[in-house]
Amino acid sequence: MTSVFSSRRLALLAALAASVLLASCKVGGSGSSNASLRAINLSDDLASVDLYVDGTQQFGALTKGTVNAYTSVSADTHTVSVNSAGNSTTLFTGTYTFSKNDHYTAVIWGPQAALHVSTLPEDDDTTQIGKGNTRVRMFNATTTTGTLDVYLQPAGTDLTQATPTQGTLTSGTLAGFKEIAQNAAYTLTVTGAGNPNDIRLVVPGISLTAQQYTTFVITAGSGGVLVNASMLVEQGSASSYPNQQARVRLVASVDGAGQVTATVSGNKLANNLQSPGIGQYVLVPAGSDAVTTNVNGNILTQGPQTFNAGADYTLMVWGSAAANAAKPLTVTTITDLNQLPTSTTRSNVRLINGAGMMDALTMSVDYLALTSSSNILPGSAAAYQQVTSDTQAYIEVDSPINGTVYASTRTNGDNLAAQGVYTMFVLGGLAPTTANPTGAKAVLRSER
C-alpha cells in the first residue's frame, strides 16, 4: 500500500481530536454502597444510543464519540442493555458486576447487527507507575477489521525498525497495560499485523501524562480496513481521533490495452496502468478531492469528487476510446466494503464487470448462482455475498450471449480461504481472438 502524509494534514488531524473533559470525582465515595458508571458510544453505525441498567435508562441519546459523566449504580450484578436512541428495540443485553466504590466506563462498540458492550474498570493504582512513566493498553473494538499492530512512537520513527507497543491485537481483544515513558508528542500508528507499511491510522501529537492509566480504543472505519481511535484516561478525559483519510485504487479496463493514469489531490493512484490492470490501494485525503484521469496520454475527466473518511473505493476506467464506440470511455467509482466475515467458515465474494464488450454477467460458486452477483451489467459491481469457504471452490462466470467467461480448473479449483474477501474482476483490454472475441480477462483478486 502507498501512503502520502503531508505535515499540514497531520497537524490538522491532531487539531481535530475532540476532547471531552469529565468529572474525576468518586461518585460513590467512602462509605457508599454504590459504584460509578459512565458510557461512551463508539459503535460503528449508530449515531445515538440509550443505555439501560436493569430496565432503567441511565444514559439517553448518547451520540457517537461522546461520553457522559458518571452516574451512581448499586454495587451488584446488573443487566445492561442498549437501544438505538428513542427506539424500544434492544440491540444488546448483557450481565455485569460492579464493585463498591469502583469506577467503570461502558464502551459500546461494533456494528448495530453485532453490538457489544465492554465495561472497563478504572481504579488502577497510579503509585505503581515508575516516576516519569505512564501506562497504556490497547483495545481492538472491531469485528471485521482483523488483527492489528499498534505503535506509540516519537514523531519520525521508522516503523520497520520499531517494535509495536502492542502487536497481534485480534478483534475484540483488550490487552494488558504496558509502562512507557511520558511524552507530550507521541505518534499513534495502527497497521495491519506484521506489516508496518499497511497503514490503517496515523495520529500525531498524542500527549501522555505521567502516573496515568490510558486505554486506546480502536474502532472500525466504514470500508473495513482503515480504523479510528479514542483515548480514555481512567476517571479522566476522553478524546476522539477519527480517520481523516480514504483508500482509493485504479482499475484499468480500456479496450485495446489502453493505458490509464489517475491522481487524487496530487496522489498518483497509478501511472500508465495497462488494461486489463488492477492497481494497489492508495491513501488519499478524505473529503472533496481533485481527481484527474488520463487514457493513452489524453485527459478523460478532471474535477472534484468526494471520498468519505475511513472508506475504500475503486476508480474503474472502462470502455473504448474508439469513435462512436457502443461503450465509450467511462469512469465509475465503486464503494468497496472490504469487511472480513465474522464466521470462521465463510468468505465474502463479489463480481465486478468492467468489460465494455461484454454482456451482463452472473457468477456461481460451487454450482450455486450468487443472488447478489447475478446479471451484473458492464461498469457495475455486485455487493459482497457470503459463501462457504472452500480451498478448492469451483467458480464460474457466465454471460447469456458470450457463454462461459471464467471457470475454475476442476482438479484444483480456486482457494476461497476462511474469513477471506474476494473480488472476481472481468476486465477488457486484451486483443480479441476467435476464442475470446470480447478481449475480456477474468481475475480473482484476494482483497484481504
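The values are calculated or read from the model by the stated rules, or taken from the named source; none is laboratory data. Note that the structure is predicted; figures quoted are calculated from it, not measured. No Cβ is skipped: glycine too gets one built from the backbone with ideal geometry, and neighbour counts run over all protein chains shown. With ligands, DNA and RNA removed, areas are computed over all heavy atoms of the protein, side chains included. Shrake-Rupley method; radii C 1.70, N 1.55, O 1.52, S 1.80 Å.
Annotations for the structure displayed:
- Karplus-derived 3J(HN,Hα), 6.51/-1.76/1.60, for each residue of region 55-60, Hz, glycine and proline x: x, 9, 5, 9, 9, x
- Burial order of peptide ranges 404-417, 360-373, 132-145 (average beta-carbon count within 10 Å, highest first): 132-145, 360-373, 404-417
- Vicinal HN-Hα couplings computed from phi for region 282-297 (Karplus, 6.51 cos²θ - 1.76 cosθ + 1.60; Hz; Gly/Pro x): 10, 6, 9, x, 6, x, 7, 10, 7, 10, 10, 10, 9, 10, 6, x
- Most positive-pole-ward Cα, Gln259, Asn271, Gly297, against dipole of the chain from beta carbon charges: Gly297
- The calculated FRET efficiency for Lys131 paired with Thr333, based on their beta-carbon distance and R0 = 60 Å, is about 0.65.
- Region 128-149-region 41-91 distance, computed between alpha-carbon centres (Å): 24
- Charge dipole (the chain, unit charges on Cβ, about Cα centre) - positive-most of Trp109, Gly130, Ala75: Gly130
- Computed from phi, the 3J(HN,Hα) profile of region 130-140 under the Karplus parametrisation 6.51, -1.76, 1.60 (θ = phi - 60°) reads x, 4, x, 10, 9, 10, 10, 9, 10, 10, 7 Hz, with x in place of Gly and Pro.
- Positive dipole terminus of region 321-418, leading residue within Asn412, Leu361, Leu329 (C-beta point charges): Leu329
- In this simple spin-label approximation, Asp123 and Ser99 carry label points 7 Å from Cα along the Cα→Cβ vector, and these lie 0.6 nm apart.
- Solvent accessible area, Å² - Met357, 1.4 Å probe, full protein context: 90
- Shape of region 226-370, Cα gyration tensor, a/c cut at 1.5: oblate
- Pair Asp54, Ala162: separation of 7 Å Cα→Cβ label points (nm): 4.7
- Under 12 Å of direct C-alpha separation, and excluding same-chain neighbours fewer than eight residues apart, Lys100 reaches these aspartates and glutamates: Asp76, Asp123.
- Compared with the dominant Cα axis of the chain, that is its longest principal axis, helix 7-16 is turned about 50°.
- Projected onto their three principal axes, the Cα atoms of region 382-446 cover extents of 37, 28, 20 Å, largest first.
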